[in-house]
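Participant: I am attaching a structure below and will ask some questions about it afterwards.
The values are calculated or read from the model by the stated rules, or taken from the named source; none is laboratory data. This one's a predicted model, so the numbers in the text were calculated from it and none came from an experiment. Heads up, the Cβs are rebuilt from the backbone with ideal geometry, glycines too, and the neighbour counts pull from every protein chain shown. Remember, those area values only see protein heavy atoms, side chains included, never the ligands or the DNA or RNA. Shrake-Rupley method; radii C 1.70, N 1.55, O 1.52, S 1.80 Å.
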Amino acid sequence: MSQHVLPTEMLDYELPPRLIAVRPAEPRDSARLLVLRRSDERVEHVHVRDLPAFLRAGDTLVFNTSAVAPARFRGRRAGTGARIEGLFVEEAGPDRWLVMLRCNGRLRAGDRVELLDRAGAATEHTLALVASHPEGWIVTRPAPAVLEHVGLTPLPPYILKARDGRMFADDLDRNWYQTVYADPRRRRSVAAPTAGLHFTPELLDRLEAAGVGRIDVTLHIGPGTFRPITAATVGQHAMHSEQFEVSPEAIAALRETAGRIVAVGSTAVRTLESLPPDLPDTSPRQGPIQGDTNLMIAPPYEFRRVDAMLTNFHLPRSTLLALVAALVGLERLKAVYEEAARREYRFYSYGDAMLILP
């Protein structure tokens, strides 16, 4: 079946709300790990710390090193005091931001938003609405460090809902919702590459000692990653676009890798699969490969670069679930999800993981 006619309803499954993780496992690599092989019917139940036992010397893990910005913010409408919730999406020019805003009243160009700090107190920082945008609003950019002062961790809405009023300090989430290898110079994502949240420095050292290689790439995750597929078929979904970058060193390592390529998360998969079919012979002087990708991966899809994948358990009707289904097969994936739920694995961004091997 072509992905263009795959009915979206086939990406549905039932999950008891209690299995939605509201905080990560501690330590990170104590999360449970379901291991499946596409070549047979075996399924094993271990922990992320056991990952070195399932990889071989010569395999290469590919990590997305984009860092999460404290992109969620709160404010009030100047003049009326109406409550406003916002999400920083990206810079839209030297003195402009693109933001998503939610307010009970109708917002108009020229309105000002008075920003609140992380504790909910008033600040001197304001945003002026310049123009509407298909993704939200173009606003004036405040002081460069304002997000550090007012920004909250951009947790997925389903985590906040599942917490059901239970309070966690944002300082905890700032640490939990960031990979240990995130590059602070690349702090532009509004969601974490969640498969990478399971790694600890000690686990990375053990993998290196076992002869497992590492390649770092960058894909800045946008709010479209949370957008469910609402069209009748997967192919009718307007796939979101995200910026990626792969250094000359990473390209050279990909060309030279003889073992299996193991993508850590869907963003690493999309980056690898968005590269040109024939990797160029690069040098540092030529600079990185950069671009925007709106690649939709859904069954059936023929993977060009990815042999294996570490991933979390994803939401129904999501492009992330469709991507994993393309690697595993939709019917088998749904059966594995049923088993994971039966064994009370923890689901979604703060939840447990699955290793998909050839």
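Participant: Once you have the Cα-Cα distance between Ala109 and Phe168, take 0.36 nm times their residue separation minus that, and quote the gain in nm to one decimal.
Facilitator: Using 0.36 nm per residue and subtracting the Cα-Cα distance, I get 17.7 nm.
Participant: Computed on alpha carbon atoms, what radius of gyration and Dmax characterise the stretch 112-159, expressed in Å?
Facilitator: Here Rg and the maximum Cα pair distance are 12.2, 32 Å.
Participant: Between Arg214 and Thr140, what's the calculated FRET efficiency when r is the beta-carbon distance and R0 is 51 Å? Round to 0.05. Walk me through the numbers before you get to the answer.
Facilitator: Numbers: r = 41 Å, r/R0 = 0.80.
Once the sixth-power term is evaluated, E becomes 0.80.
Participant: Describe numerically, in nm with one decimal, the distance between label points set 7 Å from Cα along Cα→Cβ at Ala238 and at Arg18.
Facilitator: In this crude spin-label approximation the distance works out to 4.0 nm.
Participant: Helix 319-328 sits at what angle to the longest principal axis of the chain, using alpha carbons and giving 0 to 90 degrees rounded to 10?
Facilitator: With both axes taken from Cα atoms, the answer is about 0 degrees.
Participant: Continuing with the same structure: Which angle between 0 and 90 degrees, to the nearest 10, do you get for helix 330-342 versus the longest principal axis of the chain when only C-alpha atoms count?
Facilitator: So the helix axis and the longest Cα principal axis differ by about 80 degrees.
Participant: Here's a follow-up. Give the peptides 46-53, 147-154, 115-122 in descending order of average Cβ contacts within 10 Å, highest first.
Facilitator: Working: 46-53: 16.8, 147-154: 19.6, 115-122: 13.5.
Top of the packing list down: 147-154, 46-53, 115-122.
Participant: If you don't mind, there's one more thing I want to ask. The stretch 165-231 to the stretch 26-68: how many Å between their Cα centroids?
Facilitator: Using only Cα atoms to place each centre, the spacing works out to 15 Å.
Participant: Grab the other residues whose beta carbon is less than 13 angstrom from that of Ala128, score K and R as +1, D and E as -1, and report the net.
Facilitator: +2
Participant: While we're on this one: Given a 1.4 angstrom probe, what's the average accessible area per residue across the chain, in square angstrom?
Facilitator: Averaged over the residues of the chain, the accessible area is 45 Å².
Participant: Then there is this: With a 1.4 Å probe and all protein chains in place, put Glu44, Glu331 in order of accessible area, largest first.
Facilitator: Listed by decreasing accessible area, they come as Glu331, Glu44.
Participant: Sorted by accessible area (1.4 Å probe), largest first, how do Trp176, Trp137 line up?
Facilitator: The ranking, largest first, comes out as Trp137, Trp176.
Participant: Then there's this: Please work out the FRET efficiency for the pair Arg56 and Glu202, using the Cβ-Cβ distance as r and a Förster radius of 22 Å; give the result to the nearest 0.05.
Facilitator: Working: r = 20 Å, r/R0 = 0.92.
With a Förster radius of 22 Å, E is 0.65.
Participant: Cα centroid distance between the stretch 252-302 and the stretch 83-108, in Å?
Facilitator: 32 Å
Participant: With the full set of protein chains in place, find how many percent of the accessible area of the chain is carbon and sulfur; take the probe as 1.4 Å.
Facilitator: Here carbon and sulfur together make up 49 percent of the probe-accessible area.
Participant: With a point put 7 Å past each Cα toward its Cβ, work out how far Ala231 is from Ser30 in nm, to one decimal.
Facilitator: 4.4 nm
Participant: May I pose another question? How do Arg270, Arg76 stack up against each other in accessible area, from largest to smallest, with a 1.4 angstrom probe?
Facilitator: I get Arg76, Arg270, largest accessible area first.
Participant: Which residues does a label at Asp278 reach in the stretch 223-266, if reach means a backbone N under 14 Å from a point 7 Å past the Cα toward the Cβ?
Facilitator: none
Participant: Next up: Arrange the peptides 155-165, 259-269 so that the one whose residues have, on average, the most other Cβ atoms within 10 Å appears first.
Facilitator: The packing order, highest mean first, is 259-269, 155-165.
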